[in-house]
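*Asks:* One structure is given below, represented as structure tokens, and several questions about it will come after.
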Amino acid sequence: MTTALLSVSDKTGIVDFARALHALNIKLLSTGGTARLLAEAGLPVTEVAEHTGFPEMLDGRVKTLHPKIHGALLARRDLPTHVDALATHGIEPIDLLVVNLYPFEATVARPGCTLEEAIENIDIGGPAMVRSAAKNWRDVTVLTDPAQYAPVLAELRAGGRTSERTRFACSVAAFNRIAQYDAAISNHLSALRDDGTRGEYPAVFNLQLVKTQDMRYGENPHQSAAFYREATVARGLLASWTQLQGKELSYNNIADADAAWECVKSFTDSPACVIVKHANPCGVAVAATVGEAYAKAFQTDPTSAFGGIIAFNAPLDGAAAAQVAKQFVEVLIAPEITPEARAVFASKQNVRLLEVPVSRATNALDFKRVGGGMLLQSADAKQVEASELRVVTKKAPTAAQMDDLRFAWTVAKYVKSNAIVFCAHGMTLGVGAGQMSRIDSARIASIKAENARLSLKGSAVASDAFFPFRDGLDVVVDAGAACVIQPGGSMRDAEVIAAADERGIAMVLTGVRHFRH
């Protein structure tokens with residue numbers, strides 16, 4: 001390797017990398033700010049304009065778009081005609097290209113970014129060089145991320161050049177980066193309206209995901225599957241997990257783990273435990289400790305908890321782990337699993353232990369696949385504040401009942417529609433999920449409580465959507481409910497409220513619906 005061209009927007013680590021290349025007797029070419037930075041560091045660097053004999057022009061828009069650059073990157077060293085062409089035109093081959101692109105994504109993410117600012121941060125020469133080098137990967141190494149510097153440098157020091165495997169991997173990474181960059185440009189520009197404002201959803205939507213694992217099978221054994229992460233995962237989302245032990249996560253494990261984690265992290269004031277089975281919470285509780293929260297959550301539905309996914313919003317300690325270890329569990333999630341807790345599960349190597357940092361981060365968009373298309377929507381991140389709740393009955397809930405109502409409402413958001421959730425004293429008593437009729441959900445929730453030998457007398461009930469008729473309300477009151485929280489908005493709200501007054505219970509409206517299909 002004799003010549004390297006370095007032209008980076010993100011200067012992280014570039015001086016040290018260039019210094020190491022110089023120590024290996026590799027000639028340094030560079031442009032603009034990168035060249036100035038290297039020169040200030042005392043490195044011998046040749047400006048691209050000097051190298052090509054053609055000055056930068058058009059405010060720097062044109063500087064590397066030149067045959068002495070692209071010929072040097074694209075020429076195949078194994079073809080005599082290419083080698084002869086380089087010699088004829090006095091073109092020196094470039095063996096290493098180090099480029100990262102103008103910060104388009106960061107620019108358009110800034111509030112108030114103008115169209116002119118966005119356009120000026122669209123890189124032209126950088127992607128062109130990257131594509132040239134990536135296409136000619138058998139002869140050229142292309143780096144598009146500072147994280148690549150160290151391993152490439154190790155290879156150069158060991159053998160004087162990079163391996164074919166490394167060059168191909170770098171080429172693939174480069175094409176992936178260009179695709180991601182162009183997708184960001186397309187998404188931003190195609191969301192612009194004629195009046196200059198930007199719509200929430202672009203006319204063309206591009207999405208890039210990075211595969212992290214192939215799976216043995218999908219939702220069912222006859223289906224294939226793989227798991228993909230977003231290129232950048234926000235801290236606190238499930239995909240930022242660290243797996244401490246256990247088998248590889250399955251398709252269903254990940255889907256259920258996400259349901260459990262999203263639910264449990266919505267509780268911020270007390271230690272909480274959520275047990276999920278088939279995407280629905282079957283037990284949720286808050287308490288003074290994670291151990292107490294687990295015991296209460298498990299009590300809701302011990303049968304369904306078997307083989308479930310269990311999530312905690314606080315560190316899992318040894319005492320709580322000893323309780324959990326008595327049941328069969330597929331996945332355990334917590335922001336921290338202490339050494340004592342890990343020791344409890346050391347002999348249960350099939351149990352997946354995941355650590356995920358707690359945050360209120362949510363996905364910006366939710367996706368749902370349909371035949372030949374995709375539905376996109378903003379995430380259901382609405383948190384109903386106490387000031388937004390409206391008591392509509394003659395009887396008002398007590399402070400304790402209001403706490404239970406808000407707890408029940410939080411849980412109902414994560415239960416498949418139609419959802420009915422009975423709660424009391426910071427724990428679920430019965431959960432009815434995914435029924436075509438809200439009445440059936442209410443009856444199933446009552447049966448669940450009966451099976452667990454839990455009394456529903458004086459309980460609080462949450463419904464994820466309004467009661468269309470009074471019959472659903474009568475079912476939950478007959479089961480023992482003393483207060484109800486629901487969105488309201490039905491044509492028969494007055495009839496349902498009158499029924500609540502007739503039955504002597506308190507009713508609170510949220511004005512927010514939480515369908516979860």
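The values are calculated or read from the model by the stated rules, or taken from the named source; none is laboratory data. These numbers were taken from a predicted model, which means no experiment stands behind them. Using ideal geometry, Cβ is built from the backbone for each residue, glycine included, and neighbour counts are taken over all protein chains shown. These accessible areas exclude ligands, DNA and RNA; they are computed on the full protein's heavy atoms, side chains included. Shrake-Rupley method; radii C 1.70, N 1.55, O 1.52, S 1.80 Å.
*Asks:* Looking at segment 169-199, which of the residues that are among the small types (Gly, Ala, Ser) and in contact (Cβ under 8 Å) with a residue 24 or more places away in the chain is surrounded by the fewest Cβ atoms within 10 Å (Cβ to Cβ)?
*Replies:* Per the criteria, the residue is Gly196.
*Asks:* While we're here: Looking for whichever is open to solvent by less than 10 Å² (accessible area, probe 1.4 Å), small (Gly, Ala, Ser) and more than 19 Å from Pro487 (Cβ to Cβ) here; the options are Gly458, Gly430, Gly472. Which one fits?
*Replies:* Gly430 is the lone residue from the list that is open to solvent by less than 10 Å² (accessible area, probe 1.4 Å), small (Gly, Ala, Ser) and more than 19 Å from Pro487 (Cβ to Cβ).
*Asks:* Of the residues in segment 394-409, how many are within 20 Å of Glu495 (Cα to Cα) and either crowded, with 21+ Cβ neighbours inside 10 Å or under 31 Å from the mean Cα position of the chain (by Cα) (or both)?
*Replies:* 1
*Asks:* Right, next: Just one of Arg131, Arg76 is among the basic types (Lys, Arg), open to solvent by 40 Å² or more (accessible area, probe 1.4 Å) and in contact with a His (Cβ under 8 Å, 6 or more places away or on another chain); which is it?
*Replies:* Residue meeting the stated conditions: Arg76.
*Asks:* Mind checking which pairs have a first residue in segment 112-125 that is outside any loop (DSSP other than H, G, I, E, B) and a second that is charged (D, E, K, R), Cβ under 7 Å, 6 or more apart or different chains?
*Replies:* That search, which allows pairs on different chains as well, returns Gly125/Lys63.
*Asks:* Can Gly489 be described as free of Cβ contacts under 8 Å to residues at least 40 places away in the same chain, within 35 Å of the chain's Cα centre (by Cα) and surrounded by 20 or more Cβ atoms within 10 Å (Cβ to Cβ)?
*Replies:* Judged against the criteria, Gly489 is not a match.
*Asks:* Select, from Leu332, Leu375, the only residue that is over 17 Å from Pro487 (Cβ atoms) and at pLDDT below 95. Outline the logic, then answer.
*Replies:* Working: Leu332 fails: at pLDDT below 95.
Answer to the selection: Leu375.
*Asks:* Filter segment 292-313 down to the residues that are open to solvent by 10 Å² or more (accessible area, probe 1.4 Å) and small (Gly, Ala, Ser), then identify the one that is nearest to the chain's Cα centre (by Cα).
*Replies:* Looking at the filtered set, the residue picked out is Gly307.
*Asks:* Of all residues in segment 201-252, count the ones that are open to solvent by less than 40 Å² (accessible area, probe 1.4 Å) and in contact with an Asp or Glu (Cβ under 6 Å, 6 or more places away or on another chain).
*Replies:* 2
*Asks:* Considering only segment 433-451, state which residues are small (Gly, Ala, Ser), under 19 Å from Val284 (Cα atoms) and open to solvent by 20 Å² or more (accessible area, probe 1.4 Å). Step through it out loud before you land on a result.
*Replies:* Filtering segment 433-451 for residues small (Gly, Ala, Ser) gives 433-434, 437, 441-442, 445-446, 449.
After this cut, where a residue has to be under 19 Å from Val284 (Cα atoms) as well, the list is 433-434, 441-442, 445-446, 449.
Matches in segment 433-451: Ala433, Gly434, Ser446.
*Asks:* Among (1) touching a residue at least 12 places away in the same chain (Cβ under 8 Å); (2) open to solvent by 60 Å² or more (accessible area, probe 1.4 Å), which single condition is Ala158 missing?
*Replies:* Failed condition: (1).
*Asks:* Out of everything in segment 86-110 that is over 15 Å from Ser186 (Cα atoms) and of a type in the set (Val, Ile, Thr), what residue ends up being surrounded by the fewest Cβ atoms within 10 Å (Cβ to Cβ)?
*Replies:* Across segment 86-110, the extreme among qualifying residues is Thr88.
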